[in-house]
1. Just want to confirm a number: the relative contact order over region 5-67, from Cα pairs under 8 angstrom separated by 6+ residues, in percent.
2. According to a simple spin-label model (label point 7 Å from Cα along Cα-to-Cβ), what is the distance in nm between Arg6 and Arg35?
3. With a Förster radius of 22 Å, plug the Cβ-Cβ distance of Ala45 and Glu14 into 1/(1 + (r/R0)^6) and report the FRET value to the nearest 0.05.
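Read-outs throughout are calculated quantities, based only on the coordinates presented, and are distinct from any laboratory measurement. Nothing here was measured: the structure is a model prediction, and the numbers come from that model. Neighbour counts are summed over all protein chains in view; Cβ atoms, including those assigned to glycine, are modelled from backbone coordinates with ideal geometry.
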Amino acid sequence: MPVDRRHLDALVGEQLRAVRKRRRVTLAQVEETSRGEFRTSVLGAYERGERGLAVHRLLRLAEFYGVPAAELLPEGDHDCERDHGPAQRYPPDSVL
């Protein structure tokens, strides 16, 4: 069963917004503090799930917010194992 990308984008967006709110910063403050690296309109679209977030951007946002990257990912199972099988079936150095 394929991953519903829109649903995944929405879940990641919820996590992004939650982390930003815990830091008590606005979108505008993120843009200002990041010197324009994270533009208000783009970060808002990520948070609303309207725009997919590339892995390198997710990693950079985690670094910017000072949190582990996993904190920006959806919590819980979300049926990933049922849809894709257990993660252990892929060797660590395999290319997916």
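1. Numbers: 51 pairs, mean separation 27.7, N = 63.
With pairs under 8 Å counted, the relative contact order is 44 percent.
2. Distance between the two pseudo-spin positions: 3.9 nm.
3. It comes out at approximately 0.95.
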